[in-house]
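The values are calculated or read from the model by the stated rules, or taken from the named source; none is laboratory data. Predicted, not measured: the structure shown is a model, and the values here were computed from it. All Cβ positions, glycine included, derive from the backbone under ideal geometry; neighbour counts span all protein chains shown. Remember, those area values only see protein heavy atoms, side chains included, never the ligands or the DNA or RNA. Shrake-Rupley method; radii C 1.70, N 1.55, O 1.52, S 1.80 Å.
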Amino acid sequence: MLAALLVEEFGCEADAVTPEATFRSLELDSLSLAEIAVLVADRTGVFVEDAGLGLDSTLAGAAAGFEAASAPSGSAA
């Protein structure tokens with residue numbers, strides 16, 4: 001989903017959107033990161049306040065951060 005969002009919404013070249021790419025290497029800025037967080041929330045229904053996003057985060061790391069932040073916290077025993 002993150003790769004599709006970067007291509008569709010931010011105009012990133014599909015071949016540049018790899019797990020090892022960073023937001024900085026895709027020429028995105030901190031405002032773009034905030035927009036990404038909002039778009040992910042719109043698409044998933046989960047608002048992720050701290051997914052560990054930074055300009056030097058890899059896309060793989062960001063995807064893992066979104067996944068971890070949206071996972072249920074705790075479980076009933």
Counting Lys and Arg as +1 and Asp and Glu as -1, each charge on the Cβ, what is the dipole of the chain about the Cα centre in debye, to the nearest 20?
260
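Any idea of the accessible area per residue across the chain, 1.4 Å probe, to the nearest Å²? Intermediate values should be presented prior to the final figure.
Values: 4780 Å² over 77 residues.
About 62 Å² of surface per residue is accessible.
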Among 3, 23, 47, the residue whose Cα sits farthest towards the positive end of the charge dipole of the chain (+1 at Cβ of Lys and Arg, -1 at Cβ of Asp and Glu, taken about the Cα centre) is 47
On the accessible surface of the chain, probed at 1.4 Å with all protein chains in place, carbon and sulfur together account for a percent value of 53
Nearest 10 degrees is fine. How inclined is helix 59-70 to the longest principal axis of the chain, computing both from alpha carbons?
20
Taking the Cα atoms only, what angle lies between the long axis of helix 30-44 and the longest principal axis of the chain, rounded to 10 degrees?
50
